[in-house]
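Here is the structure we will look at.
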Amino acid sequence: MDPGPPLTLGRAHPGTPFPKDLILPNGGTPAGTSSPASSSSLLNRLQLDDDIDGETRDLFVTVDDPKKHVCTMETYITYRITTKSTRVEFDLPEYSVRRRYQDFDWLRNKLEESQPTHLIPPLPEKFVVKGVVDRFSEEFVETRRKALDKFLKRITDHPVLSFNEHFNVFLTAKDLNAYKKQGIALLTRVGESVKHVTGGYKLRSRPLEFAAIGDYLDTFALKLGTIDRIAQRIIKEEIEYLVELREYGPVYSTWSALEGELAEPLEGVSACIGNCSTALEELTDDITEEFLPVLREYILYSDSMKGVLKKRDQVHAEYEAKLEAVALRKEDRPKVPADVEKCQDRMECFNADLKADMERWQGNKRNDFRQLLVGLADKNIQYYEKCLMAWESIIPLLQEKQEAK
């Protein structure tokens, strides 16, 4: 029986603390992992610590069943969003709705508006280069489905974002467009205040801990960007090599027709090259569909975190400016105005939320990249084992001919 697509999970209580050694689960099937029956599988020898003990789950969300819609003005893909929950915020225990990419984009924008102090997970990039990537191809749609599923998984797993009312509407509303037009005001008090912060304030310098976060994100994004570019070049070269192999193998087969005793070994070499070609194609597909999307997600993640840092800086700068204005008053003991205290509260809220989200993000990152790199190593081992097996298979053919002499 098909167990169906993996479910994404939600925390039970928005105030649940996160221990420092907590590793959050990765949505979907681990990237690049092989069947447990494979003797070469590193996953048979390495136990990934991706279990969460003591967590009560009460929200399950999955993205599946992409469908193509052809209209007069446009063609687009929708995805089925299935939600199961025991939370009181949901009127029913289960919902099933269809959403397109622009609906996911609307949700992310609303989360940024209403939760400005939190890190909002990134979406896969919308635009693709026409003529290079077919955005309606089965491979592209499946890659995007996985990314959208992970996006909702990140939100579902967050102790604050998962309780956002916009998220609830996204998961349950049959007619989301009507809700978009209605546009109810759901900004939090912090969201209202941050929204009205102007760019007129300039922070002298970031506190050391946030400066360290900014430096880390810059370096992290630079390293991933370099790996992404090199990986794409490697894939391009492998595809070119694959074309050569597919022309190379059949030559031995046609040559065998001219030979007597060499015919069988030559056919063996042709088959061997064909097997190596198939193995290389599988490896290239795995890197393209599993490895690169994770790199790009985390590059976008670092950009999102930088955006939250920038908003934190604006609030901090506003607080400094207002505090200075109070200090310049010609009073022995000037009373701190209420607006300054509110600004301080906003800054402290930013600090706490940003640090908590950074810790949570680091836990996700460690787990995701451990699974990704183990899967990458496993797939490479399988590729070289298949090539080795293919070439070893023709040795007996050559030895039989030598013994016959």
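The values are calculated or read from the model by the stated rules, or taken from the named source; none is laboratory data. Keep in mind that what you see is a predicted model, and the values were worked out from it rather than measured. When we count neighbours, we look across all protein chains shown, and the Cβ atoms used for this are built from the backbone with ideal geometry, even at glycine. The protein model used for the area step is the full one, side chains on, heavy atoms only, and it has no ligands, DNA or RNA in it. Shrake-Rupley method; radii C 1.70, N 1.55, O 1.52, S 1.80 Å.
Tabulated data
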{"item": "Boolean, E320 is assigned to a helix (DSSP H, G or I), farther than 25 Å from K306 by Cβ and acidic (D, E)", "result": "no"}
{"item": "Whichever residue in region 90-106 is among the acidic types (D, E) and loosely packed, with under 12 Cβ neighbours inside 10 Å and, among such residues, is farthest from K67 (Cα to Cα)", "result": "D91"}
{"item": "Subset of region 121-138 that is surrounded by 11 or more Cβ atoms within 10 Å (Cβ to Cβ) and over 23 Å from Y301 (Cβ atoms) - its residue that is modelled with the highest pLDDT", "result": "F136"}
{"item": "Residue within region 148-171 that is free of Cβ contacts under 8 Å to residues at least 40 places away in the same chain, open to solvent by 30 Å² or more (accessible area, probe 1.4 Å) and within 20 Å of the chain's Cα centre (by Cα) present", "result": "no"}
{"item": "Flag if R346 is buried (at least 20 other Cβ atoms within 10 Å of the Cβ), within 36 Å of the chain's Cα centre (by Cα) and closer than 28 Å to L161 by Cα", "result": "yes"}
{"item": "Among (1) farther than 30 Å from A352 by Cα; (2) open to solvent by 70 Å² or more (accessible area, probe 1.4 Å); (3) part of a helix (DSSP H, G or I); (4) modelled with pLDDT under 95 - the single one L258 does not satisfy", "result": "(3)"}
{"item": "All positions within region 224-243 that are surrounded by 12 or more Cβ atoms within 10 Å (Cβ to Cβ) and either of a type in the set (D, E, K, R) or touching a Lys or Arg at 6+ places or on another chain (Cβ under 9 Å) (or both)", "result": "L224, D228, E238"}
{"item": "L292 being in a helix (DSSP H, G or I) and surrounded by 14 or more Cβ atoms within 10 Å (Cβ to Cβ)", "result": "yes"}
